[in-house]
Amino acid sequence: MSSASAAPAAGASSDAPVRVLEDFAGLIQLLSDGTVIRRSDANGLPVPSSPPTLSAEWKDVVYSPNHGLKLRIYRPAAASSAAANVEGDGDDDAPAKLPVLVYFHGGGFCVGSFDHPNFHACCLRLAGELPALVVSAGYRLAPENRLPAAHDDARTLVSWLRAQAAAGAPDPWLAELADFGRVFFAGDSAGGNIAHHVAVALGSGLLGVTPARVAGYVLLWPFFAGVERTRSEAESPPGPFVTLPVYDQFCRLSLPAGATRDHPALNPFGPDSPALDAVALPPALVVVAEHDLLRDRAAGYAARLEAMGKPVELVEFQGQHHGFFPVDPGGDAGDELIRVMRRIRCTLSRGVERCDQISDLRQFQLPCLYQN
């Protein structure tokens, strides 16, 4: 059973006939008077067919009281033994620390939530199998809250994290296990877009995280856009969830009214986007799927960063579609993605890595997350 909520537009006239301007799969409707009707189950993904193994524990914390936004902290179920497998920096009697992976969920900025079963299952795996302390953050959705609302919420989350590090982590889980010297920002689809904007804000000095240190960022099939179509967008490979009409609709619903797909919120290299040449970006890992219509745009992002001399690595999963990890968190491709993220090493290397689901991987160009 599902229910719907309506958010009326302030000052809307009751005289004009109301019509539906946008209808996303019956889950979200935007009316001509500005009202948004959203079904309570407007998440857009099927619930995982099998429940995830409980490899991690979690709890919810409010990080933005003004907007009622929460985050979910995950720690490995066997936190002490997991941390023992990760190199610590303290004395021998102190508990070893885990890297902090901040994760933003996908959904085209319009659907999804940090506590949706699919994203929850992904974060359980990341926390338990990397291992890491995972901080999965909710953010305001469009069209009720159009961009840059989600980016603003991410900045609030960074401020929350900075306060945790500066206070010696008053949250007991972070105090015990968080290595604030190894913070990674990650996200899938729209969440990957958010992770990019966080990295740019940090690298530009517009946002600070000290005394924490950002060691890298991970973009999983990031949701970028542009007026000019890429080859993969023009070919529009059929996907189970993201098609070209859906992609365009998410752009219309998430961007400020009247904005084009070249808006800086969606196009990192658009005509009005800030130049990234002088931005001190941390090392990046970009993951794409062969049959994703966003594939070429994300690959182009990695190529542009590499041309600027930025530390970046691109990994392509052959035979996969957009969002393959949250669509099937327990699948073979998800297994391989965990292995990709676990095999991040200190040694830097150049080039584009293509991988099958069960392939061997060379070393990545990110700093050391883990050491054997």
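Quick check for you: which residues of the stretch 103-120 have the amide N under 19 Å from the point 7 Å beyond the Cα of residue 47 toward its beta carbon? The answer is 112-120.
What a 1.4 Å probe finds exposed on the stretch 223-283 is 58% carbon and sulfur by accessible area, rounded to a whole percent. Here the gap between residue 66 and residue 269, fully extended at 0.36 nm per residue and compared with their Cα-Cα distance, gives a gain of 69.9 nm.
Output the relative contact order of the stretch 159-232, whole-number percent, from Cα pairs under 8 angstrom with separation of 6+ residues. Relative contact order here is 39 percent. Basic side chains Lys and Arg get +1 at the Cβ, acidic Asp and Glu get -1 at the Cβ, and with that the dipole of the stretch 167-298 about its Cα centre reaches some 100 debye. Of the residues 336, 129, 235, ranked by 1.4 Å probe accessible area with the largest first, the sequence reads 235, 129, 336. Between residue 167 and residue 78, the modelled labels are 3.3 nm apart [label points 7 Å from Cα along Cα→Cβ]. Listed by chain and number, the lysines placed with their C-alpha closer than 23 angstrom to that of residue 70 are 59; residues fewer than eight positions away on the same chain are left out. For the set 111, 61, the ranking by accessible area, highest first and with no ligand, DNA or RNA atoms included, is 61, 111 under a 1.4 Å probe. Rounded to the nearest 20, the size of the Cβ-charge dipole of the stretch 136-232 about its Cα centre is 280 debye, with Lys and Arg at +1 and Asp and Glu at -1.
Expressed as a whole percent, the accessible surface of the stretch 104-170 that belongs to carbon and sulfur atoms is 49, based on a 1.4 Å probe. Going 7 Å from the Cα of residue 303 toward and past its Cβ, which residues in the stretch 225-259 have a backbone nitrogen under 16 Å from where you end up? Residues 225-226, 228-235 fall inside that zone. One decimal place: the segment residue 290-residue 231 gains 20.0 nm when fully extended, by the rule 0.36 nm per residue minus the C-alpha distance.
The values are calculated or read from the model by the stated rules, or taken from the named source; none is laboratory data. A quick note: this is a predicted structure, and the numbers were derived from the prediction, not measured. Because the Cβ atoms are built from the backbone with ideal geometry, glycine has one as well, and the counts that use them run over all protein chains shown. To get the accessible areas, we keep the full protein, side chains included, count just its heavy atoms, and leave off ligands, DNA and RNA. Shrake-Rupley method; radii C 1.70, N 1.55, O 1.52, S 1.80 Å.
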